[in-house]
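Computed from the coordinates by the stated procedures, all read-outs in this text should not be read as laboratory data. Computed from a predicted model, the values in this text were never measured in an experiment. Glycine gets a Cβ as well: all are built from the backbone with ideal geometry, and neighbour counts include every protein chain shown.
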Amino acid sequence: DQQVKQNSPSLSVQEGRISILNCDYTNSMFDYFLWYKKYPAEGPTFLISISSIKDKNEDGRFTVFLNKSAKHLSLHIVPSQPGDSAVYFCAANDQTGANNLFFGTGTRLTVIP
Amino acid sequence: DTEVTQTPKHLVMGMTNKKSLKCEQHMGHRAMYWYKQKAKKPPELMFVYSYEKLSINESVPSRFSPECPNSSLLNLHLHALQPEDSALYLCASSLTPLPGSINQPQHFGDGTRLSIL
């Protein structure tokens, strides 16, 4: 059973506009959420994270928003650049045990020049 | 550039072969992980090593045997694999894995793409 879901397999955005990637989770014990970016033939690269005690974390062009009541998080990229084109994975874990990450199925972002 | 190095990048082996996947990190991380990723699927956790001790084995068949010789190295020994074991094997590392500690992200290598004939 998929505990972390990314319901949009793909997203296309014009260069300079905002990209919004969404993620939903079912496990209320999750308290740490991450976004990874993956290029072909490379491993996932850590992008940004957020703890459950916050509702927003910003790092340059990337902002992650967390809505705990809705069990929903989103990644905003603004302005989007062609180099942002990649597959983005949402991931989550909890503090009850070892650092086991649960991944979503990914969203392929294409930024059109 | 990834700070987690995996070798080899590609591996083709028969079902009777014995081979090993290697992973190395020099970031001082004390938790290391093996994940398996099938095509168009998310990575799935296989093993977790915490301070060089195996702390999680996610019901992985015994034909996969992990080893952590020291805090920088993680191996995955393979023997008598099946065709369905063909996948991308990802290694990751993170700072202290202690429950209740401040969360730290996992950093991944580029993976070993394994094909079983």
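Applying a 10 Å radius around every beta-carbon, put A:106-113, A:53-60, A:65-72, A:31-38 in order of their mean neighbour count, most first. Numbers along the way, then the final one.
Numbers: A:106-113: 16.8, A:53-60: 11.0, A:65-72: 13.5, A:31-38: 21.9.
Averaged packing, sorted descending, gives the order A:31-38, A:106-113, A:65-72, A:53-60.
Restricting to chain B, compute how many DSSP beta bridges are antiparallel as a %, nearest 5. About 90 percent, rounded to the nearest 5.
In terms of overall dimensions, chain B has a Cα radius of gyration and Dmax of 13.7, 44 angstrom. Sorted largest first, the spans of the alpha carbon positions of segment A:4-112 along the three principal axes are 41, 29, 23 Å.
Give me the net charge of A:TYR88's neighbourhood, meaning all other residues with Cβ under 14 Å from the Cβ of A:TYR88; Lys, Arg count +1, Asp, Glu -1.
On the way: positive: A:LYS5, A:LYS37, A:LYS38, A:ARG61, A:ARG108; negative: A:GLU42, A:ASP84.
With Lys, Arg at +1 and Asp, Glu at -1, the neighbours total +3.
With each label modelled as a point 7 angstrom along the Cα→C-beta vector, the B:ALA39-B:LEU117 pair spans 1.9 nm.
Over the Cα atoms of the protein assembly as shown, what is the Rg over Rh ratio if Rh follows Kirkwood? Walk me through the intermediate numbers first.
Details: Rg = 17.6 Å, Rh = 18.2 Å.
That ratio is 0.97, to two decimals.
Reported value for segment B:1-60: 132 Å³ per residue, from the convex hull of its C-alpha atoms.
Can you tell me the dipole magnitude for the protein assembly as shown around its Cα centre, using point charges on the Cβ only (Lys, Arg +1; Asp, Glu -1), in Debye to the nearest 20? Each step should come with its number before you reach the end.
Details: 22 positive and 20 negative charges, 76 e Å.
The calculation lands at about 360 debye.
On average, how many beta carbons from a partner chain sit within 10 Å of the beta carbon of a residue in B:109-115? Intermediate results must be reported in sequence, preceding the final value.
Values: counts 3, 6, 4, 0, 1, 0, 0.
Per-residue shielding by partner chains comes out at 2.
Our summary gives segment A:4-112 a relative contact order of 38 percent, counting only alpha carbon pairs under 8 angstrom and 6 or more residues apart.
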